[in-house]
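What follows is calculated from the coordinates using simple rules that are stated; it is not laboratory data. As the structure is a computational prediction, the values presented were derived from the model and not from experiment. Positions of Cβ are generated from backbone atoms using ideal geometry, with glycine treated the same way; all protein chains shown enter the neighbour counts.
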């Protein structure tokens, strides 16, 4: 399942770092963070999507605490 | 400026003022150059400007983010404080924050300018009630079949068909085209256009989320999802760059310091002579300041974002940075003929009468005989005939399928049709040397002449092809289902390198496969079609370009690049925008790398100070961002 979220993040390099970290989460097929349009496109396993999303938020916060993902 | 940015600006000013005061105090010897008191005084501006960097550094280290830019900046400035370079420490932090603020501001600005570019979706629709009263509603709430009213000056909120009124619509926001489009009852109108003159009553044919304007907005907003290879390169590069520079900084400090400690002064190599650990630490700190890859990481996506935004200003929608990048490397452009290079409508191009008739007479007979037909050929005959056509002059019309029409015009038996009709009538007809569809005319059983009808090339087709060649496209191929003679003539007229005629849709795919196999390693093949029936080819090639897509969902769906109007010359424009964007991306990458590595080398040899390092970090970011914002400027490409 592919979903698009608004993702507020301040710096381009942090966005790349978050993208990298999120990609390594189990069950995430692909993820793109677009710094310019402040969006995250997440493609992950259907069955576990909600749990994966929680983990994505936690991972993102760990890498860059000043980011926000709104569902 | 946002609240956050204003707050930061105030902090920068406060810190700068404090710094100047402390600096003046030391200059007038009120404060000593060194010492605890001076350090404490310098701490004030440092704390004002840098507290959040220090805080974030500590917080992110706890999260395991070692190569965090906040941490590196904190380390560099605290180190500078430690070695007694108080003013320098404050200044580096101050400049770092100025750079961050500018970055934030510039990115916000270009985001805004693209958003305003895309501000083409109206917020309200004037819904007409049962009794003709108008109600302002959200376009999302309007159902298909409802009637809306668009006043002059308003934007059309939803796709629909004009019921009443006529006006001209400004489509510039969608197509980049400045000539307005005239609409009358029965015409389809597209959301996003501005109604310029008359009041229009429109029956809605599409829901808001399916309307053209929503589709376009969606497309542009999500365009940079598909990242270009230079974008991926730079994020990969950044991942290794920072750790490498930090390790180099560590080595630059530790190795000489340990060497100084272990080797007695007499045996020290030349580069260690007269140095101490603080000197090497200082050199290492320069590395830390330069280690932030932000200038690179920000300027590349910013450039592509600007390029895509600029292109959409010209009516060219690019679905991803990767396509914008590929476009610059286009080697072969394949055109579908009908509707792409040619108008897709029939026009009378020549009339060859027999000696007894004038061209006008032949045309008039033909147009009258065909008066009741809706065939595209009949329409073109009627359009070409300048005399007014009186239907009363025509009687006894008989259509012969696959042959033509016979009728009585002014009492004379007129037959209009193809060569088969002539043979059926046993009339000696003359072949024509011109390509196109030949319509023969007989009057009272005698041959009166023939009319040549063809699908004319678009006005800008020839220039478009010359433009493409001038911008480095090696081969231009035209594919068509039309006859060889017609294809040959069009190919010769337009200057196409290669043409293939009489193709079935499947042949087009095969031929494209062949061209794909022939391209060079980095070359790309683009296919240009009108989006109808060529979806298989569009999806097969490197860059699928659909044109005349305004209002055609299928084309918007299938293609990688969508030309909102039907001008083939826009392809060369798109290529130019693509080239310009890539040029700016490359300039930024090389400029940043050369300055950064240059300053690092100078720093390692003690020839650069923190000032150069701050320039290599913040200054380079500043210049790269300014350069990147040039991508958004496309006025030179709009005529």
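Can you put B:147, B:300 in order, fewest other beta carbons within 10 Å first?
Numbers: B:147 18, B:300 28.
Final ranking by Cβ density, sparse to dense: B:147, B:300.
How would you rank B:119-125, B:440-446, highest first, on the average number of other Cβ atoms within 10 Å across their residues?
Packing order, densest peptide first, comes out as B:440-446, B:119-125.
Can you tell me the orientation of helix B:359-369 relative to chain B, as the angle in degrees between its alpha-carbon axis and the longest Cα principal axis, to the nearest 10?
So the inclination is approximately 80 degrees.
Sort B:89-100, B:177-188 by packing, meaning the average of other beta carbons within 10 Å per residue, with the highest value first. Before the final figure, lay out the partial values.
Numbers: B:89-100: 23.8, B:177-188: 14.2.
Per-residue Cβ counts within 10 Å, averaged per peptide and sorted highest first, yield B:89-100, B:177-188.
Roughly how crowded by other chains is peptide B:290-300, in terms of the mean Cβ count from those chains within 10 Å of each of its Cβ atoms?
Mean number of neighbouring Cβ atoms from other chains: 3.
Once you keep just the Cα pairs under 8 angstrom separated by 6 or more residues, what percentage relative contact order results for chain B? List each step's numbers first, then the result.
On the way: 1197 pairs, mean separation 91.3, N = 639.
After rounding, I find 14 percent.
Can you give the helix-only mean residue ellipticity at 222 nm for chain A, where every DSSP H stretch with n ≥ 4 adds -39500 (n - 2.57) and the sum goes over all residues, rounded to the nearest 500 deg cm²/dmol?
Here the helix-only value at 222 nm equals -12000 deg cm²/dmol.
So how do B:533-546, B:242-255, B:624-637 stack up, highest first, on mean other-Cβ count within 10 Å?
Ranking the peptides B:533-546, B:242-255, B:624-637 by packing returns B:533-546, B:624-637, B:242-255.
For residue B:131 and residue B:24, FRET efficiency with R0 = 56 Å and r from the beta-carbon atoms, rounded to 0.05?
Result of the calculation: an efficiency of 0.10.
For peptide B:56-63, how many partner chain Cβ atoms fall within 10 Å of a residue's Cβ, on average? Can you show the working numbers first?
Values: counts 3, 0, 0, 2, 6, 0, 1, 5.
For peptide B:56-63, the averaged partner shielding equals 2.
Pull out a ≥ b ≥ c, the square roots of the eigenvalues of the alpha-carbon gyration tensor of the stretch B:343-456, then state rounded if a/c is under 1.5, prolate if not and a/b is larger than b/c, and oblate in the remaining case.
rounded
How would you rank B:216, B:308, going from fewest to most other Cβ atoms within 10 Å of each one's own Cβ?
Starting with the residue having the fewest Cβ neighbours, the order is B:216, B:308.
Relative to the longest principal Cα axis of chain B, at what angle does helix B:86-117 sit, 0 to 90 degrees, rounded to 10?
It works out to around 10 degrees.
May I ask you to derive the relative contact order of the stretch B:480-584, considering only C-alpha pairs under 8 Å and at least 6 residues apart, and to give it as an integer percent?
16 percent
Normalised by the residues of the stretch A:1-48, what does the relative contact order come to in percent, with Cα pairs under 8 Å and at least six apart?
RCO, the stretch A:1-48: 47 percent.
Any idea what angle helix B:484-494 forms with the longest principal axis of chain B, computed on alpha-carbon atoms, 0 to 90 degrees, nearest 10?
Here the helix axis deviates by roughly 50 degrees.
Residues of B:279-289, mean number of Cβ from any other protein chain within 10 Å of their own Cβ, rounded to a whole number?
Mean number of neighbouring Cβ atoms from other chains: 0.
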